[in-house]
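Step one of this worksheet: look at the structure below.
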Amino acid sequence: MTNDKLSGIDMIKIVAAVLVLLSHVGVLGTYSNTADMWFINIVFRWCIPFFFVCNGFFMPHTGGGYKIYIFKIIIMYLIWTMFYTLYGQYSINKEYVKNVMFNGIIPAFWYFPSLILCISFCYFLSRVIEPFGMCVITMMLYMVALLGDTYSNVNPMAVGLQESILTYHYKIFNYTTRDGFLFGSFYICLGNFLQQHKEIIDKMGYSKKYRIKLGIIIFITWIFEAFEIYIAKIYNLGADINVLISTIPLSVLIFIFAYNIKINRKVSLLLRQFSTLIWLIHPWVISVLTNNIQNSVDRFTAVLTVTLVLAAGLIVMSSRIRVLKILY
């Protein structure tokens, strides 16, 4: 990359952040709950893995870099957790502390403690194991996540895992394997592996035919994701569909495609800030507007608009009051 250009990763990040918002507020529910469910699941399931891959790619490899990186995430997460605690008037007890540490006090915030956990786990793993070995170890953890979520009803092995090891896991992570340890760490390691071999994806960007071919492969992989979700739902293969096989190649391919899109540095930074703030602000906006707007399309439009306006306002304010940058 040249000094005045960055990749289009931040452009895809804001698309993914909007899709996360969409998944929480819905868009077709007024017309068909079934259509809304299928649309949301098929469109947005690659987004969280993509965010993890991005964080794995930019994961620091020095002790000092890791401390700064994690410290910023922790401070941001705790400040917003305090905001939602005061807004929601949550009681401070053992369950609250556990959720802050592992699950987030609101559903949308599960990502942040999971990110802290998987970044830390993968960083310390990287001190003793090569990137490929990290991928192998975390892939085995991901297989456990699959058998505890999307494929939990498939075979006796899945049932055995849920009745033994996962019994303790569920108590910590609120009955899900979509967490930083089993789920997120594999995508972090995939991102780290790409970073270690970025000269390969750098070369891919020089070919125009490559972009067309990659776009076609991404579309085919997305169809595979839709098919996997359809089969899992129709045949009741598991308790949920948070952990998928198809999102592994899909999130990596989208990352590679985004990596070779060059956009202006200032634009890239602005998109990055918006993507983070969309995630942080939209749960509050949903709670304020949801009961006041009945039509699902209007509700989605209103939530997105207000979220973007508030995010823009905070970005402008932080350009003058620099301490506000810790909020995102």
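The values are calculated or read from the model by the stated rules, or taken from the named source; none is laboratory data. It should be emphasised that the depicted structure is a prediction, and the values quoted were computed from it without experimental measurement. Virtual Cβ from ideal backbone geometry, glycine too; neighbours counted across all protein chains shown. Just the protein is used for accessible areas: all its heavy atoms, side chains included, with ligands, DNA and RNA removed. Shrake-Rupley method; radii C 1.70, N 1.55, O 1.52, S 1.80 Å.
Worth a mention:
- Exposure check, 1.4 Å probe, all protein chains in place: His24 carries approximately 90 Å² of accessible surface.
- Each of Phe186, Phe181 has its accessible area taken with a 1.4 Å probe; listed largest first, they run Phe181, Phe186.
- Computed on protein heavy atoms with a 1.4 Å probe, the accessible areas place Met140, Met76 in the order Met140, Met76, largest first.
- Residues whose amide H falls under 5 Å from that of Asn174, counting only those 5 or more places apart or on a different chain, are absent, with hydrogens built in the peptide plane.
- Where the range 95-205 is the region considered: accessible area per residue in Å², 1.4 Å probe: 45
- Computed accessible area, Cys135, all protein chains, 1.4 angstrom probe, square angstrom: 20
- The range 242-328 - Rg (one decimal) and Dmax (whole number), Cα, Å: 16.4, 45
- Ordered by 1.4 Å accessible area with all protein chains kept, His169, His61 run largest first as His61, His169.
- Å² of accessible area per residue within the range 1-78, as computed with a 1.4 Å probe and no ligands counted: 42
- Selection from Val252, Phe227, Trp110, by position along the positive dipole direction of the chain (Cβ): Val252
- Of all accessible heavy-atom area on the chain, the percent that carbon and sulfur account for (1.4 Å): 69
- Residue of Gly191, Gly148, Gly29 that the Gaussian network model of the chain assigns the largest fluctuation, springs spanning Cα pairs under 10 Å: Gly29
- Only helices enter the 222 nm calculation for the chain: every DSSP H run of n ≥ 4 contributes -39,500 (n - 2.57), and dividing by all residues gives -23500 deg cm²/dmol, rounded to 500.
- ³J(HN,Hα) computed for each position of the range 145-162 - Karplus, 6.51 cos²θ - 1.76 cosθ + 1.60, integer Hz, glycine/proline x: 4, 4, 6, x, 9, 5, 10, 6, 9, 6, 8, x, 4, 4, 5, x, 4, 5
- Derived scalar couplings ³J(HN,Hα) [the range 128-143; Karplus, 6.51 cos²θ - 1.76 cosθ + 1.60; whole Hz; x for Gly, Pro]: 10, 9, 5, x, 5, x, 4, 5, 5, 4, 6, 5, 5, 5, 5, 4
- Sum of side-chain charges, Leu115 neighbourhood, beta-carbon under 13 Å (Lys, Arg +1; Asp, Glu -1): +1
- Build a GNM of the chain with springs between Cα atoms under 10 Å apart, and of Lys72, Lys13, Lys208 the one that fluctuates most is Lys208.
- Pairwise label distance in nanometres, Ile68 with Tyr175, each label 7 Å out on the Cα-Cβ vector: 4.4
- Taken one residue at a time, the phi angles of the range 309-314 give Karplus couplings (6.51, -1.76, 1.60, θ = phi - 60°) of 5, 5, 4, 4, x, 5 Hz. Gly and Pro are set to x.
- Dipole check for the chain: with +1 at the C-beta of Lys and Arg, -1 at the C-beta of Asp and Glu, and the Cα centre as origin, the magnitude is about 1140 Debye.
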